[in-house]
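Working notes for the structure below.
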Amino acid sequence: MSGPIIEVEGLAKEYRRPVRVEGPLGGLRSLLSPRHVTKRAVDGVSFALAEGELVGYLGPNGAGKSTTIKMLTGILRPTAGLVRVAGLVPWRERERHARNIGVVFGQRTQLWWDLPLRDSLELIGRLYGVERARHRATTARFTELLGLGPFLDTPVRQLSLGQRMRGDLAAAMLPEPRILFLDEPTIGLDVVAKERIRDFIATRNRRDGTTIVLTTHDLDDVERLCRRIVLIDDGRVLYDGDVARLKERYAPHRRLVVQLADGAGWHGVRVPGVARDDEADDAPGQVTLRFDPAGTRVADVITAVLARHEVTDLSLVEPGLEGVVHRIYAARGAA
Amino acid sequence: MTSPRGLAPPRLTLRQRAVAHAGTAGLHARAQLAYRADFVFRVLWLLLQVYLLALVWRAVYPESGTAPAHGGQQVTLATQLAYVTYASVQNWLLTPAGLAPTPIPQRVREGSIAVDLSRPVAFTTQMLAAQGGIVLAAAPFAVLALPFAVVAGGARAPASAGAASAYALSLVPAVLNALLLAVVVSMVSFWTLEAVGVFMIHRVVAHFFAGALIPLWFMPSWLADLAQLLPFQTTTYTPIALYLGHIHGTGPVLTALAVQCGWTAALWLIMRLVWARALHRVVVQGG
Ligand SMILES: Nc1ncnc2c1ncn2[C@@H]1O[C@H](COP(=O)(O)OP(=O)(O)OP(=O)(O)O)[C@@H](O)[C@H]1O
Ligand SMILES: [Mg+2]
């Protein structure tokens, strides 16, 4: 099939929530003549994904990420706009659509609380009409990849968060869906658990060609997994494109951190385009320089520094996504 | 892949859906067994109820040992005690333990409803299957409790072979109607999370109008008429009255079975209607 597997155009979602009437008999009056407030959580979002892409869907708290995911998975019906996932309109053909997708909501579980993990995984096979032998083989493979073996027979309620999340990820992928939606799959996990989950996600995308939409507040997830991000705020798209290009656009500067030898003073460098970084938090004897690699060669800066100073250490710092995103959120706050 | 790339998969086939629902029921049945100790107390509660009801009926029954019911039929004390015993056990089996009639309110509160909606099978049938599993888990305990209940209350053989088969037949819509009623009532939680009061009222009304405390034949006639108009009697009173031969003769037996099945169809439709409204709330208003 050619053309995008996920198409979103002018997507909007308004929540209408009843407000409690204040004053005497407030509860009763709210019940009889409810008043509502409307919140536009998603406000005209458009993007398209090709099959096999792994895109990070980012934004600050309350930006509308989960709301978008819920519309893409058919759990919510858009107030306006168009969604098409693998040729289907999710909310209209929910049951067919469900056979195309896997979902992980990091904040809740799709596993059955009172029973061993094994039972949940087995039921997933039946719920999705997966053929027995195939389901057994996939379960064995994922058990190995995610290291589920030691707690397959433990009731889900007794699993640690990291174990439970791995179980949830296995459950979402067991029917081998074409598209996987992950809403904060690494929330609250330690570095080892995160790494394991990232590995699994990356492999599903690379090896099985699964299209993945990933929501997270952990930008290491994004650096490690995504080439492309869609950044939203207040229900609108702020940026859609390469991670690398985003950094160029919002943080074009590199930094060179110079550690001067004991007692040595700083005499400056006379290279055009190089300046001391006043945002940097320099320790004594440390100097941070800022320059744009598009106009200034790194080698020239280093040569100039070494020509006039006694230096014990030099390090070149690439802009991190963390800083970039921080800058974007901060700019939005100021505007 | 479940389907060739590029082609949207069809809905699950009927067979696949049957497997899915059987799996859901089995899983919920097993989950119930985590509360085995709770079943012991629930069985004690049941036996206590049978014992107390039998005590009252023995005390209030006329010396002659028979009492007139609606339509001039005579009901013997032995029949009455058997009714109390069987009706209590059957109603106990079909009435889940928790305050809420099904797991739906909890799923709405915790937001697990989002998970249920992302499954390739309909929400309503998933919940019916889950509830069916919960009832299934209680069945062995009901069977174990029965002999003790008989000692506390009373017993009678089925009135005839025909009565026995009518009972067996009527059990199917009785169970279905109990499940449907539970699902319909617990969908209130899509409108309000504070539905405990509604569930308590439902519990009392259902228990009473099912005939679990007093058979319809001894209710004041206006109350019996009202009970006849409600679906609850089809879960308990109808099957036991058939078993004991209180409803007898081809015409009345077939009518009773038809009324049960009519309620099954009606409750199914009601469930679909209520669900359509509830779904609208969830997907349009965001819960
Ligand atoms: N069911 C609801 N009813 C009313 N308002 C809601 C509902 N769900 C979300 N909202 C509001 O919609 C906005 C977007 O919420 P959403 O959960 O999509 O954000 P998010 O980007 O996922 O945030 P987070 O990073 O905190 O998970 C928020 O302002 C939130 O308060
Ligand atoms: Mg969210």
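Overview of values
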{"quantity": "Hits in the range A:51-63 (condition: within 13 Å of the chain's Cα centre (by Cα) and within 6 Å of ligand 1 (Cβ to nearest atom))", "calculated": "A:G59, A:N61, A:A63"}
{"quantity": "Test for A:S46: is it closer than 30 Å to A:D208 by Cβ and either surrounded by fewer than 19 Cβ atoms within 10 Å (Cβ to Cβ) or of a type in the set (F, W, Y) (or both)", "calculated": "yes"}
{"quantity": "Matching residues, the range B:205-246, being open to solvent by 30 Å² or more (accessible area, probe 1.4 Å) and among the aliphatic types (A, V, I, L, M)", "calculated": "B:V205, B:L213, B:I214, B:L226, B:L229, B:L230"}
{"quantity": "Lone unmet requirement of (1) free of Cβ contacts under 8 Å to residues at least 12 places away in the same chain; (2) open to solvent by 20 Å² or more (accessible area, probe 1.4 Å) for B:P9", "calculated": "(2)"}
{"quantity": "Conditions (1) in contact (Cβ under 8 Å) with a residue 40 or more places away in the chain; (2) under 20 Å from A:T109 (Cα atoms): number failed by B:S118", "calculated": "(1)"}
{"quantity": "Filter result for the condition that a residue is farther than 25 Å from B:S160 by Cα, free of Cβ contacts under 8 Å to residues at least 24 places away in the same chain, in contact with a helix residue (DSSP H, G or I) (Cβ under 9 Å, 6 or more places away or on another chain) and not in a loop (DSSP other than H, G, I, E, B), over B:A206, B:A178, B:A182, B:A227", "calculated": "B:A227"}
{"quantity": "Whichever residue in the range A:204-220 is within 13 Å of A:G320 (Cα to Cα) and more than 14 Å from ligand 2 (Cβ to nearest atom) and, among such residues, is most open to solvent (accessible area, probe 1.4 Å)", "calculated": "A:D220"}
{"quantity": "Conditions (1) over 30 Å from A:A98 (Cα atoms); (2) open to solvent by 10 Å² or more (accessible area, probe 1.4 Å); number of the one not met by B:V84", "calculated": "(2)"}
{"quantity": "Odd one out for A:E144 among (1) more than 20 Å from the chain's Cα centre (by Cα); (2) closer than 16 Å to A:T203 by Cα; (3) touching a residue at least 12 places away in the same chain (Cβ under 8 Å)", "calculated": "(3)"}
{"quantity": "Number of positions in the range A:165-210 that are away from chain B (no Cβ under 14 Å) and among the aromatic types (F, W, Y)", "calculated": "1"}
{"quantity": "Hits in the range A:51-74 (condition: away from ligand 2 (no atom under 16 Å from the Cβ), open to solvent by 10 Å² or more (accessible area, probe 1.4 Å) and within 14 Å of chain B (Cβ to nearest Cβ))", "calculated": "A:E51, A:G52"}
{"quantity": "Odd one out for B:A97, checked against (1) of a type in the set (A, V, I, L, M); (2) more than 30 Å from A:T73 (Cβ to Cβ); (3) modelled with pLDDT of 90 or more", "calculated": "(3)"}
{"quantity": "Hits in the range A:5-33 - residues which are within 20 Å of the chain's Cα centre (by Cα) and more than 16 Å from ligand 1 (Cβ to nearest atom)", "calculated": "A:I5, A:I6, A:E7"}
{"quantity": "The range B:186-197: number of residues that are farther than 23 Å from B:V284 by Cβ and either open to solvent by less than 10 Å² (accessible area, probe 1.4 Å) or aliphatic (A, V, I, L, M) (or both)", "calculated": "1"}
{"quantity": "Of residues in the range A:105-139 being within 16 Å of ligand 1 (Cβ to nearest atom) and within 10 Å of chain B (Cβ to nearest Cβ), the one modelled with the highest pLDDT", "calculated": "A:F105"}
{"quantity": "Residues that are free of Cβ contacts under 8 Å to residues at least 60 places away in the same chain and either part of a helix (DSSP H, G or I) or of a type in the set (S, T, Y) (or both), drawn from the range B:189-203", "calculated": "B:T192, B:G197, B:V198, B:I201"}
{"quantity": "Breaking point among (1) farther than 20 Å from A:L76 by Cα; (2) open to solvent by less than 80 Å² (accessible area, probe 1.4 Å), for A:R29", "calculated": "(2)"}
{"quantity": "Verdict on B:G65 being more than 14 Å from every other protein chain (Cβ to nearest Cβ), small (G, A, S) and open to solvent by 70 Å² or more (accessible area, probe 1.4 Å)", "calculated": "no"}
{"quantity": "A:E176 at positive phi, out of contact with any Lys or Arg (no Cβ under 8 Å at 6 or more places or on another chain) and open to solvent by 10 Å² or more (accessible area, probe 1.4 Å)", "calculated": "yes"}
{"quantity": "Candidates A:R84, A:R77 - the one that is within 14 Å of chain B (Cβ to nearest Cβ), touching a residue at least 60 places away in the same chain (Cβ under 8 Å) and away from ligand 2 (no atom under 16 Å from the Cβ)", "calculated": "A:R84"}
{"quantity": "Breaking point among (1) of a type in the set (V, I, T); (2) part of a helix (DSSP H, G or I); (3) buried (at least 19 other Cβ atoms within 10 Å of the Cβ); (4) within 14 Å of chain A (Cβ to nearest Cβ), for B:T125", "calculated": "(3)"}
{"quantity": "A:G162 being surrounded by 16 or more Cβ atoms within 10 Å (Cβ to Cβ), within 12 Å of chain B (Cβ to nearest Cβ) and farther than 24 Å from B:I113 by Cβ", "calculated": "no"}
{"quantity": "Pick from the range A:1-33, criterion of a type in the set (D, E, K, R) and farther than 21 Å from A:L231 by Cβ, ranking: farthest from the other protein chains (Cβ to nearest Cβ)", "calculated": "A:E22"}
{"quantity": "Counted residues, the range A:76-94 - those being closer than 22 Å to B:E110 by Cα and within 15 Å of ligand 1 (Cβ to nearest atom)", "calculated": "2"}
{"quantity": "For A:I187: the one exception among (1) within 16 Å of ligand 2 (Cβ to nearest atom); (2) more than 13 Å from the chain's Cα centre (by Cα)", "calculated": "(2)"}
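Matching residues to (1) within 16 Å of ligand 1 (Cβ to nearest atom); (2) within 14 Å of chain B (Cβ to nearest Cβ):
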residue: A:R35; (1), (2): yes, no
residue: A:A41; (1), (2): yes, yes
residue: A:L49; (1), (2): no, no
residue: A:R96; (1), (2): no, yes
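The values are calculated or read from the model by the stated rules, or taken from the named source; none is laboratory data. Given the structure is predicted, the values throughout are model-derived calculations rather than measurements. Note that each Cβ is placed from the backbone with ideal geometry, even for glycine, and that neighbours are counted across all protein chains shown. Calculation scope for accessible area: heavy atoms of the full protein, side chains included, ligands and nucleic acids excluded. Shrake-Rupley method; radii C 1.70, N 1.55, O 1.52, S 1.80 Å.
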